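Encoded as structure tokens, the structure appears first; notes follow it.
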Amino acid sequence: MSGGGRIPLPFHDAAALALRDGQLRRNLGTVTGAIRAKRTAVTEELPDWQALRAAGKAIKDHTLRNLGHYLTQLEAAVTSRGGTVHWARDATEANRIVRELVAASGEREVVKVKSMTTDEIGLNEALAEDGVVAIETDLAELIVQLAGEEPSHILVPAIHKNRAEIRELFLRAFELDPSELNDDPADLAAAARSFLRERFLEARVAVSGANFAVADTGTIAIVESEGNGRMCLTLPETLITVMGIEKVLPSWRDLEVFLQLLPRSSTAERMNPYTSFFSGTTDGDGPSAFHLVLLDAGRSRTLADEVGRETLRCIRCSACLNVCPIYERVGGHPYGSVYPGPIGAILNPQLRGAPNDAELPYASTLCGACYEVCPVAIDIPTILIEMRRRVVEGSPRRPRRLSATVEDVALRAAARIFASPSRYEAAQRLARLGQAPFVRKGVLRNLPGQLSGWSESRDLRPIPARPFRSWWRERAATAVEEGEK
Amino acid sequence: MSRSDHDGNRDRGGATAREAVLRQVAAATEGVRDDDPVAAHVRLKRGYRRNDERTREALLDLLEERLVDYGVDVIRTGSAELASVLSTELDRRRAQLVVVPTGAPDAWTAALDGRRTIADGAGGLELDEADATLSGCAVAIAETGTIVLDGGPGQGRRAATLLPDLHLCVLNASDVVALVPEAVARMQLAVESGAALTWISGPSATSDIELVRVAGVHGPRTLVVALVHDA
């Protein structure tokens with residue numbers, strides 16, 4: 001159900017491919033490094049950052065506990081301000097609602113604001129089935145769309161593309177002569193500006209996501225940088241906003257917390273260039289018809305999960321991606337979802353539970369950096385461990401009720417070995433003999449049988465000829481001899 | 001009609017999507033819901049800063065620093081010189097056709113002598129032809145360098161401050177607050193009355209191509225703030 005409709009490779013294989021892409025790794029390293037440093041600076045300059053984080057967590061938890069109350073309140077407020085609220089159990093239902101609204105307008109083209117939720121439900125592909133073209137208006141999303149690819153980062157979806165590649169795309173898509181466009185980012189942006197300006201002025205229907213929705217006033221908040229959001233929210237006659245049910249907040253006042261947490265965590269800015277707030281429709285200003293589609297698609301199921309439910313606090317900032325040592329090396333594509341990185345590793349198995357998602361909780365070193373930077377303090381490592389436990393327990397290789405996995409046996413044996421110094425040393429001697437055929441250039445490779453999975457993705461040091469314990473004993477003996485002299 | 005036609009699409013149990021989602025949410029929150037969500041919401045701990053001790057002069061300096069950091073041109077002026085300052089700016093930037101929102105004060109209109117003007121209610125194609133928009137704002141946040149528009153007198157429709165390439169914004173010093181929570185509190189009534197807000201922190205920008213920051217993808221490429229110290 002992720003956008004694109006192609007069959008994704010499992011994480012393991014996709015990551016191995018990504019690691020061989022030098023350009024991608026350089027781009028990722030630069031981007032994640034730069035944003036990490038900036039984020040640290042703009043969060044540390046606030047004396048009350050931790051208090052904001054705590055409040056953000058508390059507000060989200062409170063909202064989720066009372067989600068039914070706030071959703072009906074939001075529905076009533078939006079309706080009283082001239083909007084129409086629709087409910088969707090799943091992606092198909094949400095897509096059908098949007099398709100019918102677009103069909104009723106008679107339009108063949110809609111403009112879109114970058115939205116992860118509509119990517120999640122594959123809305124563009126669904127509209128294409130009706131012959132409707134959804135034009136992505138965020139610069140990076142446009143680049144990705146023109147290239148026929150998937151975004152590789154929540155925040156900078158086109159970081160895997162360099163300027164020469166983007167120029168080629170634009171020349172073709174905007175039907176320009178090569179002499180009319182060079183590869184300077186400012187010129188490339190200007191070309192996209194004039195191409196999209198015409199689309200904005202012609203468009204009669206726009207589709208957006210939502211960053212937040214205020215239950216008591218019916219206010220939708222949309223945070224952006226480029227102004228394409230403002231264009232979509234003010235110029236067309238009809239606006240359709242698709243929003244996950246977990247995005248609701250109780251009151252206007254709560255935004256004072258999230259308008260500080262989100263930009264500083266996301267683009268590492270004190271504030272993003274543009275934020276739009278609107279409640280239903282406004283007389284003489286902006287769209288005359290507003291539709292809000294409230295999407296469940298696995299969210300209420302996640303809410304029922306006592307360990308996993310805190311995942312729903314996520315405000316999609318992408319701070320966890322930029323600090324993740326796995327993400328930094330493989331990028332977003334191997335996760336096979338619009339939600340990559342640490343948050344994707346816990347969100348995808350819960351929201352959609354696709355076959356490949358069972359591997360995602362293992363795409364982590366459990367270092368905890370994601371938890372530390374999360375603006376709403378989602379304990380990602382703990383949830384990852386819980387997800388791994390479920391994967392193991394649900395594994396078909398483990399016979400139900402019958403004893404143990406190979407891993408269980410190995411760990412029990414290890415416990416016995418580590419419990420006794422003599423057993424430990426004996427095991428070490430044995431292993432030293434046994435490892436010889438597998439050591440190449442000082443690294444253990446291609447271990448046999450059940451151990452092969454381990455050595456495949458790790459450079460293991462072999463057990464040294466003289467281990468620490470024997471070195472220590474000899475050293476102590478020498479010291480005694482010298483002392484006797 | 002308040003609700004979607006899709007409420008008519010019932011599942012096998014006979015529930016509409018609305019009923020099904022709300023029932024699932026209710027089941028998921030069984031035993032953890034608050035008896036009185038409003039009271040529980042009021043009790044939430046908010047340990048962050050909600051007001052600020054800095055002097056007005058310090059706030060204006062901070063705001064200017066933040067705006068300049070975003071690439072905004074800031075001009076400090078007194079209310080007596082405002083008309084000539086605006087006029088000079090429009091000349092300097094060769095703005096001939098200027099959008100002037102309803103309710104613009106006389107001091108601004110005096111700056112428009114000899115220039116063509118259009119109202120903020122004009123259509124998108126017309127607004128797109130304009131060189132500049134002159135607007136006021138409701139409040140500004142020093143700590144984040146943010147200008148807040150709420151569509152009040154002299155601020156115009158949202159499209160008016162979006163389509164022209166130059167946005168010239170008049171900000172009264174008395175409308176500058178230090179913190180985000182202060183601005184949110186000031187906007188409470190406007191939001192409750194249904195106003196649409198636009199928060200602007202610098203000109204439109206993108207870093208989508210190789211992380212190189214480019215000003216002005218879609219919004220105005222130039223933002224000028226005239227900060228009136230005695231208003």
Pull up region A:453-468, narrow it to residues that are modelled with pLDDT under 75 and assigned to a helix (DSSP H, G or I), then point me to the one that is farthest from A:Asp408 (Cα to Cα). A:Glu456
When both residues are 6+ apart or on different chains and their Cβ atoms are under 7 Å apart, which pairs have a first residue that lies in region A:70-91 and is open to solvent by less than 10 Å² (accessible area, probe 1.4 Å), and a second that is in a helix (DSSP H, G or I) and of a type in the set (D, E, K, R)? A:Val85/A:Glu75; A:Trp87/B:Arg18
In region B:193-222, what residues are out of contact with any helix residue (DSSP H, G or I) (no Cβ under 8 Å at 6 or more places or on another chain), farther than 28 Å from B:Arg93 by Cβ and at the interface with another protein chain (Cβ under 7 Å from one of its Cβ atoms)? B:Gly194
Single condition A:Lys161 does not satisfy, out of (1) within 13 Å of another protein chain (Cβ to nearest Cβ); (2) open to solvent by less than 20 Å² (accessible area, probe 1.4 Å): (2)
Inspect all residues belonging to region A:16-36 and state whether any of them is closer than 29 Å to B:Leu179 by Cβ and open to solvent by 40 Å² or more (accessible area, probe 1.4 Å). yes
When the residues of region B:199-231 are narrowed to those that are under 20 Å from A:Phe195 (Cβ atoms) and not in a loop (DSSP other than H, G, I, E, B), which ends up nearest to the chain's Cα centre (by Cα)? B:Ala205
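Suppose the filter is surrounded by fewer than 19 Cβ atoms within 10 Å (Cβ to Cβ) and free of Cβ contacts under 8 Å to residues at least 12 places away in the same chain; does B:Thr102 pass it?
Values: surrounded by fewer than 19 Cβ atoms within 10 Å (Cβ to Cβ): yes; free of Cβ contacts under 8 Å to residues at least 12 places away in the same chain: no.
Considered against the rule, which asks whether it is surrounded by fewer than 19 Cβ atoms within 10 Å (Cβ to Cβ) and free of Cβ contacts under 8 Å to residues at least 12 places away in the same chain, B:Thr102 comes out as no.
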Restricting attention to region A:48-61, report how many residues are over 15 Å from B:Ala39 (Cα atoms) and facing another protein chain (nearest Cβ under 7 Å). 5
Looking at region B:108-146, which of the residues that are more than 10 Å from chain A (Cβ to nearest Cβ), part of a strand (DSSP E or B) and not small (Gly, Ala, Ser) is most open to solvent (accessible area, probe 1.4 Å)? B:Arg116
Taking A:Lys38, is it in a helix (DSSP H, G or I) and farther than 30 Å from B:Arg213 by Cα? no
Mind checking which residues of region A:95-113 are within 14 Å of chain B (Cβ to nearest Cβ), under 16 Å from A:Glu125 (Cβ atoms) and open to solvent by less than 10 Å² (accessible area, probe 1.4 Å)? A:Ile97, A:Val98, A:Lys112
I need every pair where a residue in region B:181-192 that is within 7 Å of chain A (Cβ to nearest Cβ) and more than 20 Å from A:Ala55 (Cβ to Cβ) has its Cβ under 8 Å from the Cβ of a residue that is open to solvent by less than 60 Å² (accessible area, probe 1.4 Å) and of a type outside the set (Val, Ile, Thr), sequence separation at least 6 or different chains. B:Glu192/A:Trp252
For residues that are surrounded by 13 or more Cβ atoms within 10 Å (Cβ to Cβ) and over 36 Å from the mean Cα position of the chain (by Cα), scanning just region A:435-485, find the one that is farthest from A:Glu359 (Cα to Cα). A:Ser470
Does any residue of region A:235-254 turn out to be at the interface with chain B (Cβ under 7 Å from one of its Cβ atoms), touching a Pro at 6+ places or on another chain (Cβ under 8 Å) and closer than 18 Å to A:Val42 by Cα? no
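So which of A:Ala436, A:Ala404, A:Ala410, A:Ala377 ends up being modelled with pLDDT of 85 or more and either over 30 Å from A:Glu310 (Cα atoms) or assigned by TED's automatic domain parsing to the domain that holds A:Asn348 (or both)? Write out each step before concluding.
Values: A:Ala436 fails: modelled with pLDDT of 85 or more; A:Ala404 fails: modelled with pLDDT of 85 or more; A:Ala410 fails: modelled with pLDDT of 85 or more.
From the options A:Ala436, A:Ala404, A:Ala410, A:Ala377, the qualifying one is A:Ala377.
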Just checking, does region B:151-168 include any residue being in contact with a helix residue (DSSP H, G or I) (Cβ under 9 Å, 6 or more places away or on another chain), more than 25 Å from A:Pro236 (Cα to Cα) and surrounded by fewer than 24 Cβ atoms within 10 Å (Cβ to Cβ)? no
Which residue out of A:Leu123, A:Leu146, A:Leu142, A:Leu169 is open to solvent by 20 Å² or more (accessible area, probe 1.4 Å) and either within 14 Å of chain B (Cβ to nearest Cβ) or modelled with pLDDT of 95 or more (or both)? A:Leu146
Going through region A:268-284 in order, the residues found to be within 8 Å of chain B (Cβ to nearest Cβ) and of a type in the set (Val, Ile, Thr) are A:Thr275, A:Thr282
In the list A:Asp90, A:Asp21, which residue meets the criterion of being acidic (Asp, Glu) and outside the structural domain of A:Cys374 (by TED's automatic domain parsing)? A:Asp90
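Being closer than 15 Å to A:Tyr274 by Cβ, of a type in the set (A, V, I, L, M) and not in a helix (DSSP H, G or I) narrows it down to one of B:Leu163, B:Leu168, so name that one.
Numbers: B:Leu168 fails: closer than 15 Å to A:Tyr274 by Cβ.
Matching residue, one of B:Leu163, B:Leu168: B:Leu163.
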Restricting attention to region B:44-56, does a residue exist that is among the small types (Gly, Ala, Ser), part of a loop (DSSP other than H, G, I, E, B) and at pLDDT 95 or above? yes
For region A:233-291, which residues satisfy the criterion of being of a type in the set (S, T, N, Q), more than 23 Å from B:Val180 (Cβ to Cβ) and buried (at least 24 other Cβ atoms within 10 Å of the Cβ)? A:Thr234, A:Thr241
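Taking the condition open to solvent by less than 50 Å² (accessible area, probe 1.4 Å), within 9 Å of chain B (Cβ to nearest Cβ) and closer than 27 Å to B:Glu30 by Cα, does A:Leu64 pass? Give the steps one after another, and end with the answer.
Values: open to solvent by less than 50 Å² (accessible area, probe 1.4 Å): yes; within 9 Å of chain B (Cβ to nearest Cβ): yes; closer than 27 Å to B:Glu30 by Cα: yes.
Considered against the rule, which asks whether it is open to solvent by less than 50 Å² (accessible area, probe 1.4 Å), within 9 Å of chain B (Cβ to nearest Cβ) and closer than 27 Å to B:Glu30 by Cα, A:Leu64 comes out as yes.
Out of all the residues in region B:54-63, is one or more more than 14 Å from B:His229 (Cβ to Cβ) and in contact (Cβ under 8 Å) with a residue 40 or more places away in the chain? Spell out the reasoning first.
Within region B:54-63, the first condition is being more than 14 Å from B:His229 (Cβ to Cβ), and the residues that meet it are B:54, B:62.
This time we only want the ones that are in contact (Cβ under 8 Å) with a residue 40 or more places away in the chain, so: B:54, B:62.
There is at least one residue in region B:54-63 that is more than 14 Å from B:His229 (Cβ to Cβ) and in contact (Cβ under 8 Å) with a residue 40 or more places away in the chain.
The values are calculated or read from the model by the stated rules, or taken from the named source; none is laboratory data. Keep in mind the model is a prediction, meaning the values are calculated, not measured. Cβ: placed from backbone, ideal geometry, glycine included. Neighbour counts: every protein chain shown. These accessible areas exclude ligands, DNA and RNA; they are computed on the full protein's heavy atoms, side chains included. Shrake-Rupley method; radii C 1.70, N 1.55, O 1.52, S 1.80 Å.
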